[in-house]
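A.B. asks: Here's a structure for you.
Where a number appears in this text, it was derived from the coordinates with a stated rule and is not lab data. Values in this document were obtained by computation on a predicted structure and should not be read as measured data. Neighbour counts are summed over all protein chains in view; Cβ atoms, including those assigned to glycine, are modelled from backbone coordinates with ideal geometry.
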Amino acid sequence: MIISKCLPDIVKKINERLNASVLELNKLPRILTSIPDAMAAFLQIVGSLKETFQKILIRGELEYDDKEMHCNARLAEMLDEFSEELHKSDKISENFLVEEMLVLEEANGIRLPFFLSNSAFLYLLKKKVNDVSDLPISFLNKVWGYLEIVCARVLMDHCGNHPQLLPSIKKASLNVMLRMKEKLVERVFEMIEMEKVTDYTCDPDFITSWNKLMGKRDEFLSAITDDYSFSMEGCPFIGITHLVNVPATKRDQAFDLKMRMMAYWKIVLGRMVDGIALELRFVIQKMVNSELEKEIVNEVMVRGGGMEKMLDEPTSVASKRERLQKSIGLLQESKQIIQQVMDGI
């Protein structure tokens, strides 16, 4: 009686193990016996790889449960961090207006007085751009390191049962990623260099922002004679005792130059973040939609030994197939014996 009560549970456990083994066996690649079969299997792998990359890198689908594989969300986080880091670099120096006054003095020439020199503005602009020029490249290195991890995960998921193909496909993927990264770094470097060439924007917010900043001029002048400090956005305390004995004309020109640069620098940083974001999206889309597939086919078909490799089933896969088939056979036999015992009770 006790044995008869236990038998249904035993059968249930056998069924669970049997179903798991059958499912695992079905996941193994089918045995290939001809070149056309191998070609069809290879194209299916490449198509499946491309589809997965399109889902997670372009369309932003949540293909994986692992949050690290939710690529669009992670890339957006990295971009936000990059933007925040860029804007942190825009700090008001303790020596307020000192740099501007020195530059204006060196940019002086034989011309009408009280006109701001564009060369002085460009000099300061180039210096500020140079100060942050390492940040975009660091950001791209971080992004590409993440993309390489994602790529390795996807390749293992799709090619893990084809170890004879994995080295060639992995090599092709890394070659494409390296090539596209080099192109992206080159474009971003050019973008940074362009910001040094001239000071231009069609954004009307520049004038609005500059006028708002210049509205602080009266407060600044009052502070020169009263409490020797004043505040601006992002900087609640700015010491100006060192400016008390500076000639008013020199001080006013430096203040104007500083406010122009602060207004324009917001435009530059925003343009830098937007440009890098667009370039990144463009490069990822081009890499997934055209470059990756081409490079994998060339690497496997031309340089990697062709389809013949796929006809030779790897020892690891063959051993796993044999083990699962034996396990399934034993489980089916055990289930049949227990069923006969149950029928006889």
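A.B. asks: For LYS309, list the lysines whose Cα falls under 17 Å from its own Cα; do not include residues on the same chain fewer than 8 positions away.
C.D. replies: Cross-link targets: LYS170, LYS171.
A.B. asks: Separate question: Calculate how steeply helix 71-88 sits against the longest principal axis of the alpha-carbon atoms of the chain, using the helix alpha-carbon long axis, and give the answer as 0 to 90 degrees to the nearest 10.
C.D. replies: 20
A.B. asks: Read phi for every residue in region 60-68 and hand back ³J(HN,Hα) as whole Hz from Karplus 6.51 cos²θ - 1.76 cosθ + 1.60, θ = phi - 60°, with x for Gly and Pro.
C.D. replies: Values per residue, Gly and Pro as x: x, 6, 8, 5, 10, 6, 5, 4, 5 Hz.
A.B. asks: Can you work out ³J(HN,Hα) from phi for every residue in region 243-249, in order, using Karplus 6.51 cos²θ - 1.76 cosθ + 1.60 and θ = phi - 60°, giving whole Hz and x for Gly and Pro?
C.D. replies: Using θ = phi - 60°, the values come out as 9, 4, 9, 7, x, 4, 4 Hz.
A.B. asks: Further question on the same structure: At each listed q (0.08, 0.15, 0.20 Å⁻¹), what is the log10 of I(q)/I(0) that the Debye formula gives for region 156-299 modelled as equal alpha-carbon point scatterers?
C.D. replies: Relative scattering, expressed as log10 I(q)/I(0), comes to -0.47, -0.87, -1.16.
A.B. asks: Residue by residue through region 211-216, which ³J(HN,Hα) values in whole Hz follow from phi under the Karplus form 6.51 cos²θ - 1.76 cosθ + 1.60 (θ = phi - 60°), with glycine and proline marked x?
C.D. replies: Listing the rounded values in order: 4, 5, 5, 5, x, 7 Hz.
A.B. asks: If you don't mind, another one. PHE237 to ILE58: FRET efficiency via 1/(1 + (r/R0)^6), r the Cβ-Cβ distance, R0 45 Å, to the nearest 0.05?
C.D. replies: Working: r = 47 Å, r/R0 = 1.06.
After rounding, the FRET efficiency stands at 0.40.
A.B. asks: Please give the calculated 222 nm ellipticity per residue for the chain, where each DSSP H segment of at least 4 residues contributes -39500 (n - 2.57) and the sum is spread over every residue; nearest 500 deg cm²/dmol? Could you put the intermediate results ahead of the total?
C.D. replies: Values: 13 runs with 243 residues, N = 345.
One gets -24000 deg cm²/dmol as the mean residue ellipticity at 222 nm.
A.B. asks: Pairs LYS142/LYS266; LYS67/LYS91; LYS88/LYS212: which exceed 30 Å Cα-Cα? Display every interim value, and only then the final one.
C.D. replies: Numbers: LYS142/LYS266 24 Å; LYS67/LYS91 35 Å; LYS88/LYS212 21 Å.
In this structure, LYS67/LYS91 lie more than 30 Å apart at Cα.
A.B. asks: May I pose another question? With Rg and the Kirkwood Rh both taken from Cα atoms, where does Rg over Rh land for the chain?
C.D. replies: Working: Rg = 33.2 Å, Rh = 26.2 Å.
My calculation of the ratio gives 1.27.
A.B. asks: Which is the longest stretch in the chain that no exposed loop site breaks, taking sites as chymotrypsin sites (Phe, Trp or Tyr not before Pro) with a DSSP loop state and at most 13 other Cβ atoms within 10 Å?
C.D. replies: Maximal segment without exposed cleavage sites: 201-345.
A.B. asks: Quote to one decimal, in nm, the extra length available between ASP131 and GLN336 on full extension: 0.36 nm per residue of separation minus the C-alpha distance between them.
C.D. replies: Numbers: separation 205, 0.36 × 205 = 73.80 nm, distance 7.63 nm.
The span from ASP131 to GLN336 would gain 66.2 nm if fully extended.
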